[in-house]
Ligand SMILES: Cc1cc2nc3c(=O)[nH]c(=O)nc-3n(C[C@H](O)[C@H](O)[C@H](O)COP(=O)(O)OP(=O)(O)OC[C@H]3O[C@@H](n4cnc5c(N)ncnc54)[C@H](O)[C@@H]3O)c2cc1C
């Protein structure tokens, strides 16, 4: 089964993406324009990304003391992506965008993630520019964002520091006003930054003529002290090369130096850097200190950054899902042709008979079906969340309206959209290796690279533990639990519709029970009001929550597959129903063990004395 029909089913049959054309923002679009975007991206991914996936893994970025060297294939892939217009696809026509729904943009990006996830860091560039379109001044948008959208410049996100990863309140990069008249610079109030930023993806390269760093830093108070906590964090544009108000390079380097490249387990097509800001290696106007232009208000840096988080996290979830899907396709192709062993039982006793292909063994089918249920389910969840982003931006406004409901649902679902595929599509990659046996463990087949690439996703953009604490500690509680109730209502609606279909009735009942159990576990976790006790088992909570959400997605997909024009007597439908059935029988029952420790606020991990480890 090729991937495109799966995507088409999800977009058009399940999410009814065409109906978005009734919104004025998308009125010029049609199924034809959506398909044209998907066709173009599928082609670029096939021609420029997929052939280079192994090259970027084996030819890691190199620093010759002056420049970071990347394979030519990376330059070609970047040029093809930029020329496609996808960097600004969702933006307004006036600035060169296509006003494409985010749902379609996310679907189109899936091709690139599947073909070669690390070859480009385009999501960082468009995320950086999108942030400036919301929080930047018109001049910052004109000079920086537009040049990023065109692909002339690239973007980064500089949050982490060696001592401040999960805990951004401990950011120590300083930003001080750059002399008299610092606030009269047309590019924005001008500061000098000093500090170190760790793990910065695409922090240095020669793919573009300039790099626009978006940097979190603190402005010291009157006594020169940094304000503790997140309140003191501000946001700055720090270009690698200085520019004027027309966007031309002035010829001067900014004081941002590459301290070194990190050598990673996977995702090797993207450079990962330690950057030193303001160490005096490239003085500007004779002074050390990296020149940065304030974005938005002082002290509101994290708020501006969080604006982009939902889409960034859906992007991570999509990458994880598609790496899983790539492994599924590779292991399925292998299982269909690899002869090994004979059937269980009397028929297999005769060694003179030919061997069967491994796809004929029930255990190999189990591993394939697990992968299919994880990866197709995860992809559906990403697209559902992307559809919520469109609803939030263009749906009926006002409290309790569709746009507001979408906003709140996204708050609750985003930790799942990011974390669930990061964990379970990684497990899918592990199963893909297992399907290939010893060959899967070698570099002669691509599945080990998919696993290495995917291992990053539980770490960046908020680790698994941080996402789980966000879900149980904040998201399900916010607005008096309204987000959780909204989600439960949507789940109940699916269960009611599916419950009327005899073949889905048992699964519908199981989903209703699972949802009630998640809701009661949420209450039990917080019953003592002690965050330490409640959050000690936040990850098992997130696992159970995620499995319940995915069961809902699968029941909805199964129901749609049996309804009206989508009901087709083809193998794709049989496969979808099989994957849904797998998820309900093999996966959903796992939530019992996860929720038990949540409900009892099990203290085993939290209370074991340190010396006993
Ligand atoms: C390849 C790669 C690319 C990256 N790209 C970027 C980028 O472009 N820009 C950027 O700014 N950053 C980037 N990062 C940084 C990434 O976001 C951080 O690595 C991540 O936030 C974790 O921070 P840390 O590595 O310091 O780990 P730590 O924060 O030290 O965490 C270590 C472990 O402790 C756990 N932990 C920490 N605090 C808590 C807590 N309060 N409660 C429970 N558990 C906790 C974590 O869950 C984790 O398991 C990247 C990282 C990598 C590896």
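A quick yes/no check of all residues on (1) surrounded by fewer than 24 Cβ atoms within 10 Å (Cβ to Cβ); (2) at negative phi; (3) in a helix (DSSP H, G or I):
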position	(1), (2), (3)
291	no, yes, no
294	no, yes, no
302	yes, yes, yes
324	no, yes, yes
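With the requirement that a residue be surrounded by fewer than 24 Cβ atoms within 10 Å (Cβ to Cβ) and within 8 Å of the ligand (Cβ to nearest atom), what does the range 445-461 give you? Result: 459, 460, 461.
Surrounded by 17 or more Cβ atoms within 10 Å (Cβ to Cβ), within 16 Å of the ligand (Cβ to nearest atom) and in a helix (DSSP H, G or I): does that describe residue 484? So residue 484 does not fit the description; no. Note on the range 463-473: among residues that are touching a helix residue (DSSP H, G or I) at 6+ places or on another chain (Cβ under 7 Å) and within 8 Å of the ligand (Cβ to nearest atom), the one that is nearest to residue 114 (Cα to Cα) is 464. Conditions: (1) in contact with a helix residue (DSSP H, G or I) (Cβ under 7 Å, 6 or more places away or on another chain); (2) part of a strand (DSSP E or B). Residue 199 meets all but one. Number of the miss? Exception for residue 199: condition (1). Set side by side, the residues 99, 105, 163, 91 differ, and just one is in contact with a helix residue (DSSP H, G or I) (Cβ under 9 Å, 6 or more places away or on another chain) and within 15 Å of the ligand (Cβ to nearest atom), which is 163. So for the range 338-347 (the condition being in a helix (DSSP H, G or I), farther than 30 Å from residue 90 by Cα and modelled with pLDDT under 95), does at least one residue qualify? Yes; the residues of the range 338-347 include at least one that is in a helix (DSSP H, G or I), farther than 30 Å from residue 90 by Cα and modelled with pLDDT under 95.
Listed here are the residues, each with its yes/no results for (1) more than 15 Å from the ligand (Cβ to nearest atom); (2) within 33 Å of the chain's Cα centre (by Cα); (3) surrounded by 15 or more Cβ atoms within 10 Å (Cβ to Cβ).
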| position | (1), (2), (3) |
| --- | --- |
| 238 | no, yes, yes |
| 241 | yes, yes, yes |
| 252 | yes, no, no |
| 268 | no, yes, yes |
| 273 | no, yes, yes |
| 277 | no, yes, yes |
| 282 | yes, no, yes |
| 285 | yes, no, no |
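Going by the conditions given, is residue 287 farther than 24 Å from residue 451 by Cα, without any contact (Cβ under 8 Å) to a residue 24 or more places away in the chain and out of contact with any helix residue (DSSP H, G or I) (no Cβ under 8 Å at 6 or more places or on another chain)? No; evaluated as a whole, the condition is false for this residue. Checked against (1) exposed (fewer than 13 other Cβ atoms within 10 Å of the Cβ); (2) free of Cβ contacts under 8 Å to residues at least 40 places away in the same chain; (3) within 25 Å of residue 6 (Cα to Cα), residue 503 meets all criteria but (2). Would you confirm whether any residue within the range 18-34 is within 17 Å of residue 113 (Cα to Cα) and in a helix (DSSP H, G or I)? No, the range 18-34 has no match at all. Restricting to the range 452-490, name every residue that is without any contact (Cβ under 8 Å) to a residue 40 or more places away in the chain and within 22 Å of the chain's Cα centre (by Cα). Matches in the range 452-490: 458, 459, 474.
The values are calculated or read from the model by the stated rules, or taken from the named source; none is laboratory data. Values in this document were obtained by computation on a predicted structure and should not be read as measured data. Cβ sites come from the backbone with ideal geometry, for glycine too, and all protein chains shown count toward neighbours.
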